[in-house]
Amino acid sequence: MPTCTEFAVFEVKHANLARIITLSESLFAEINAEQKNIVAHEILVKTALAKEHLKENSVEGVQEVCWHLTWANVAAVEASSSKWSTYPSAAEIDRLVGKKLYYGHFVAVIAK
């Protein structure tokens, strides 16, 4: 089976950004604890907001964060999705994330 790519984009208050990044890394490790379901990942911050994040005294605001995950296959996504509420980091992520802007899974298109 081919790998599956996930994009999840959500809003996070600037004050919660560091915690969300830490929790995201923990969540990915929890998902992979029994089996390597996520084979690669990136946590991204929207470029227009990234400059503010890097400033020492940036204003309180909302950041857009993106998870770009590469899953072993679609079955790994489905298995992990059904276990979401059992992952220790999931509840706090749900609490700290604001608006969920986009969420989708993709597989490669095989052109002939």
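Sort out which residues of region 3-26 are out of contact with any strand residue (DSSP E or B) (no Cβ under 9 Å at 6 or more places or on another chain) and either assigned to a strand (DSSP E or B) or crowded, with 17+ Cβ neighbours inside 10 Å (or both), and write them in order of number. Selection gives Leu23 alone.
Within region 97-108, residues that are within 26 Å of Ala18 (Cβ to Cβ) and of a type outside the set (Phe, Trp, Tyr) reach no partner that is modelled with pLDDT under 95 and exposed (fewer than 11 other Cβ atoms within 10 Å of the Cβ) with beta carbons closer than 6 Å at six or more positions or on different chains. A count restricted to region 63-87 and to residues that are in contact with a helix residue (DSSP H, G or I) (Cβ under 6 Å, 6 or more places away or on another chain) and surrounded by fewer than 16 Cβ atoms within 10 Å (Cβ to Cβ) stands at 1.
Checked against (1) touching a helix residue (DSSP H, G or I) at 6+ places or on another chain (Cβ under 8 Å); (2) closer than 16 Å to Glu42 by Cβ, Gly104 meets all criteria but (1). Screening the candidates Glu30, Glu42, Glu6 for the property of being more than 30 Å from Ile110 (Cα to Cα) and either of a type in the set (Val, Ile, Thr) or at pLDDT 95 or above (or both) yields one hit, Glu30.
Of the numbered criteria (1) of a type outside the set (Asp, Glu); (2) modelled with pLDDT under 95; (3) assigned to a helix (DSSP H, G or I), the one Gln63 fails is (3). Just give me the residues in region 83-96 being closer than 15 Å to Phe28 by Cα and part of a helix (DSSP H, G or I), in sequence order. Trp84, Ser85, Thr86, Ala90, Ala91, Glu92, Ile93, Asp94, listed by residue number.
The values are calculated or read from the model by the stated rules, or taken from the named source; none is laboratory data. In this text, all values refer to a predicted model and were calculated from it rather than measured experimentally. In this analysis, Cβ positions are derived from the backbone assuming ideal geometry, glycine residues included, and neighbour counts consider all displayed protein chains.
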